[in-house]
Amino acid sequence: MASFFSTYALPTIIIVVQIAVVVGILLGCVAYLTLAERKVLAAMQLRMGPNVVGPFGLFQPIADGLKLLTKETVIPSGANRILFVAAPMLTFILSLIAWAVIPFGQGMVIADINVGILYLFAISSLGVYGIVVAGWASNSKYAFLGALRSAAQMVSYEVSIGFVIVTVLLCAGSMNISKIVEAQRHLWFFIPLFPMFILFFISGLAETNRTPFDLVEGESELVAGYFVEYSSMTFALFYLGEYANMILISAMTAILFLGGWLPPFDIAPLNWVPGPIWFFAKTCFGLFFFLWARATLPRYRYDQLMRLGWKVFLPLSLGYVALVAGVLVYGGLV
C-alpha cells in the first residue's frame, strides 16, 4: 500500500496541486489585467479610470465578476444549446492548458516535455474551433460572419507565427522550452532575431483579436462579432480566454526572445533576483504593449489585415528562416 501511494498517488497529488496553483495565479492575473487595461487606457486618455470600488479601484474586477455571475444566461431559441454553452468553455480551457509547458523559472514547470513548442502551437491552433462553433451555434448571421472573420484571421497569422518559432528553434537547437531559455544565457534572441521579434508580437496581436486587428468586434458592421448572442458567464469565459491568451503570448515572447527567467546581464546583483520575478516582469512588459496598442492605433480594414498577413509577414518570416538557416550552416554554428 505504501509503495502504491509513493509510486502513483503522491506524484498525482503533487501535479494536481501544481495545476491548482498555476490556474489560481493565472485567473488572478487575468482579473487584474482587466483593471490594468482600464487604468492604462485612462492614463493615456487623461482621465481617472476605475477608482470607486475599493481603494484605487482594486476591487473592481471582483465586482465585475460578481455582476457576471449573478446575471441570467440567455440562450437564443434557435441556437444549438449544447454547442452554444460548450464553445466558450472550450475557448477558456484551451487558454489554460497551454500553460502546462510554460516554465516560470529554473525547473518550475508542470510538464517539461521535449516538444513543448509543438504542444503550444497545437493548442493555439485549436482555439479556432471554439470561435467557429460559437458563431455557428448562435444561429445568428452576425455571429457567424464574425466567427468566419476571426477564423480566417487567426489561421492567417498562425502561419507567420510558425515560421518565427522555426527561426528560434534553429538558433536554440531544441524544442524543449527550458532549453530554449538556457540557450539565451549569453545573448537574448531578440537581438539577432529582432525583425522576427517584432513580427511575432504583431502576429500575437492578430492571433488574440486585439487592436488594431480587432476586426471580429467591428461594431459598425458586425455588432460584437461571434459572441454577440452571449451573456452572463458564457460571455465572461470568452472574455477570460482572450485575456489569458494575451498573457500567454506575452509569456511566449519573453521565453522565445527575452531570455525567460534569465536576468539581462550575468552579474551578481541581478542574479540575486529570483527567476520568476524576471519572467513576470518581462511578461508585464509585453502586456503593456498590448494595452498601449489599443490606446493608440486605429482599426485595420479587413483587406489590409489579410494583405499584411499573407503578402508581408509570410514572405518576410519565410525569408528570415532561410537566412538564419544559411548563417548557421555556412557559419559553422551547427
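Key figures for this structure:
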{"item": "Residue that is most open to solvent (accessible area, probe 1.4 Å), among those in the range 279-311 that are touching a helix residue (DSSP H, G or I) at 6+ places or on another chain (Cβ under 9 Å) and closer than 15 Å to Glu158 by Cα", "result": "Trp310"}
{"item": "Qualifying residue in the range 142-151 (condition: within 19 Å of Trp261 (Cα to Cα) and of a type in the set (Lys, Arg))", "result": "no"}
{"item": "Flag if Leu41 is part of a helix (DSSP H, G or I) and not basic (Lys, Arg)", "result": "yes"}
{"item": "Residue within the range 235-243 that is open to solvent by 80 Å² or more (accessible area, probe 1.4 Å) and in a helix (DSSP H, G or I) present", "result": "yes"}
{"item": "Residue in the range 150-172 that is assigned to a helix (DSSP H, G or I), closer than 23 Å to Val22 by Cα and of a type outside the set (D, E, K, R) present", "result": "no"}
{"item": "Unique match (being outside any helix (DSSP H, G or I) and either at pLDDT 90 or above or open to solvent by less than 70 Å² (accessible area, probe 1.4 Å) (or both)) among Tyr230, Tyr320, Tyr226", "result": "Tyr230"}
{"item": "Filter pass, Arg299 being under 25 Å from Ala36 (Cβ atoms) and not in a helix (DSSP H, G or I)", "result": "yes"}
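Per-residue answers, yes or no, for (1) over 26 Å from Met306 (Cα atoms); (2) assigned to a loop (DSSP other than H, G, I, E, B); (3) open to solvent by 40 Å² or more (accessible area, probe 1.4 Å); (4) at pLDDT below 90:
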position	(1), (2), (3), (4)
Ala87	no, no, no, no
Ser95	no, no, no, yes
Asp112	yes, yes, yes, yes
Phe121	no, no, yes, yes
Ser124	no, no, yes, yes
Val128	no, no, no, yes
Ala143	no, no, no, yes
Leu148	no, no, yes, yes
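The values are calculated or read from the model by the stated rules, or taken from the named source; none is laboratory data. The structure displayed is predicted, hence computed values, not measured ones. Ideal geometry is used to build each Cβ from the backbone, glycine not excepted, and the neighbour counts take in all protein chains shown. In case anyone asks, the SASA skips ligands and DNA or RNA and just uses the protein heavy atoms, side chains included. Shrake-Rupley method; radii C 1.70, N 1.55, O 1.52, S 1.80 Å.
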